[in-house]
Amino acid sequence: MTAEQLSRILKENGIVGAGGAGFPTYAKIDQRAETILLNCAECEPLLRLHRQLLCLHTQQILDAFAQIAATVGAKEAIIGVKAEYQETVEALKQYVPRYPNMRIHLLQSAYPMGDEVVLIYEATGKVISPGGLPIEAGVAVFNVETVYNVSRALNGGHPVTDKLVSVVGEVKSPRTVRVPLGLSLGETVALAGGEKEEFAPEELSYLVGGPMMGRLGSRQDAVTKTTNAILVLPKGHPLIQKRLMPASVGMKRAASACCQCETCTDLCPRHNLGHPIEPHRFMRAMSSHDSKDTAAYQNLFFCSGCGVCELFACPQGLSPRTLIAECKDGLKRAGLKAPSGVAPSPVTEAREYRKVPEMRLTARLGLSAYESKALLDDNVQQAKRVKEPLSQHIGAPAQCIVSRGERVEAGQVIAQAAQGLSVPVHASISGVVTDMDQSGIEITAD
Ligand code: SF4
Ligand code: SF4
């Protein structure tokens with residue numbers, strides 16, 4: 001199979017990175033990739049889906065991973081997996097020797113091993129330049145569920161119509177479920193037994209994506225191609241309170257309490273890889289309205305948003321990550337872009353000792369009580385109604401091609417890829433199109 005053919009199949013089947021931002025996978029099929037990496041770090045506390053999926057469908061996923069390697073002509077295919085995922089590692093050890101040029105790289109239980117810049121360094125020793133793309137260093141990284149979706153597309157032309165979601169926190173039976181795209185978060189939580197009865201609905205909040213990098217969601221929001229987890233927490237939990245705090249309050253707190261201890265910078269995973277991001281310097285410049293230290297602002301573009309500075313490092317409980325994101329948005333709106341051609345400094349000698357142990361992170365976040373196996377049920381759950389967003393990926397939103405009242409079959413294209421970077425959206429259930437607007441297409445089952 002040629003790279004063009006594989007790329008076309010992935011685009012037609014609507015495959016995007018199932019882990020984070022939803023980068024269309026077809027655009028990663030690039031013959032400059034000398035190394036391809038399967039990301040099974042799964043470093044967000046409480047998430048379980050990748051290790052479980054890889055353990056359950058090891059051969060199927062490795063077949064697809066090997067197919068990608070052969071198609072792009074990669075010299076090496078590496079599986080980055082944490083040593084503590086013993087069952088998954090054992091399953092991998094059985095199959096990996098069957099594939100030439102494939103190896104397992106065992107990772108420590110530290111956060112954020114799943115950040116692709118960190119993972120690439122751990123597995124290959126290469127440092128991606130600040131603001132650069134992995135492919136510039138000859139590397140392409142794929143998420144486990146993404147490669148599973150590639151295998152389904154290659155074996156039977158199954159488009160992306162469902163998503164694995166870990167449902168954890170204040171729910172009766174934490175578990176990982178496979179749901180049709182567009183199912184509401186509330187209905188997805190119901191599949192894990194629903195919210196615990198000791199809480200009134202208004203006393204709980206949903207954190208979507210994971211405790212470190214997730215965002216607040218509502219019960220009506222839809223599961224998309226990138227929804228990894230729903231963490232149900234009491235409204236008073238510090239993780240929820242932190243996200244509800246207005247940036248203006250965060251700024252005032254920074255001005256009055258930042259003692260410039262530099263712990264945020266010392267523990268910043270990107271900083272320790274030699275990227276010029278220094279959260280303490282930004283906090284100083286921002287809170288003292290210092291407009292002369294321009295580098296403190298320009299270098300914000302190199303922040304990954306991992307949250308280590310804000311949720312683990314800062315002894316004062318300040319919010320560097322949130323303030324950086326706010327400022328970065330403002331700079332982008334003003335038309336400013338990341339500085340280009342910035343070379344990384346040498347990796348810091350102390351990096352090895354500054355990794356954030358996952359168990360301590362979970363405890364610091366107040367989540368130890370929510371640790372659970374969240375066992376995976378791989379059967380696609382039924383839905384009476386879904387509303388599928390047109391934008392579930394980075395790039396241009398898909399364009400609706402169905403009309404109200406039209407009958408659609410599961411797997412049928414209901415929104416075609418737009419010009420440029422984009423992928424189509426397929427019906428996740430069979431039924432009738434009952435509503436549509438700019439945000440999505442509603443289908444009601446027969
Ligand atoms: S969120 Fe904080 S710790 Fe993470 S990359 Fe940005 S500045 Fe560094
Ligand atoms: S860790 Fe907190 S107090 Fe210390 S420099 Fe960073 S923001 Fe300021």
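Among the residues making up the range 255-283, those that are near ligand 2 (Cβ under 8 Å from one of its atoms) and within 20 Å of Met212 (Cβ to Cβ) are Thr263, Cys264, Thr265, Pro279, His280, Met283.
Counting only residues that are surrounded by 22 or more Cβ atoms within 10 Å (Cβ to Cβ), modelled with pLDDT of 90 or more and part of a loop (DSSP other than H, G, I, E, B), the range 16-45 holds 8 of them.
For first residues located in the range 249-276 and more than 19 Å from Thr322 (Cβ to Cβ), partners that are within 15 Å of ligand 2 (Cβ to nearest atom) and hydrophobic (A, V, I, L, M, F, W, C) and lie 6+ apart or on another chain with Cβ distances below 8 Å form the pairs Asp266/Ala313. When you check Val347 against the structure, is it out of contact with any Leu (no Cβ under 8 Å at 6 or more places or on another chain), touching a residue at least 40 places away in the same chain (Cβ under 8 Å) and part of a loop (DSSP other than H, G, I, E, B), yes or no? Considered against the rule, which asks whether it is out of contact with any Leu (no Cβ under 8 Å at 6 or more places or on another chain), touching a residue at least 40 places away in the same chain (Cβ under 8 Å) and part of a loop (DSSP other than H, G, I, E, B), Val347 comes out as no. Number of residues in the range 257-282 that are basic (Lys, Arg) and within 8 Å of ligand 1 (Cβ to nearest atom): the value is 1.
Looking at the range 222-242, which of the residues that are part of a helix (DSSP H, G or I) and touching a residue at least 40 places away in the same chain (Cβ under 8 Å) is surrounded by the fewest Cβ atoms within 10 Å (Cβ to Cβ)? Per the stated criteria, the residue is Pro238.
The residues on offer are Val89, Val96, and the sole one that is assigned to a helix (DSSP H, G or I) and buried (at least 19 other Cβ atoms within 10 Å of the Cβ) is Val89. Residue count for the range 287-334 satisfying the condition of being more than 11 Å from ligand 1 (Cβ to nearest atom) and assigned to a helix (DSSP H, G or I): 13.
Assess whether Cys268 counts as being closer than 21 Å to Cys303 by Cβ, within 24 Å of the chain's Cα centre (by Cα) and at pLDDT 95 or above. Judged against the criteria, Cys268 is a match.
The values are calculated or read from the model by the stated rules, or taken from the named source; none is laboratory data. All values reported here derive from a predicted model rather than from experimental measurement. Reconstructed Cβ throughout: ideal geometry from the backbone, glycine too, with neighbour counts over all protein chains shown.
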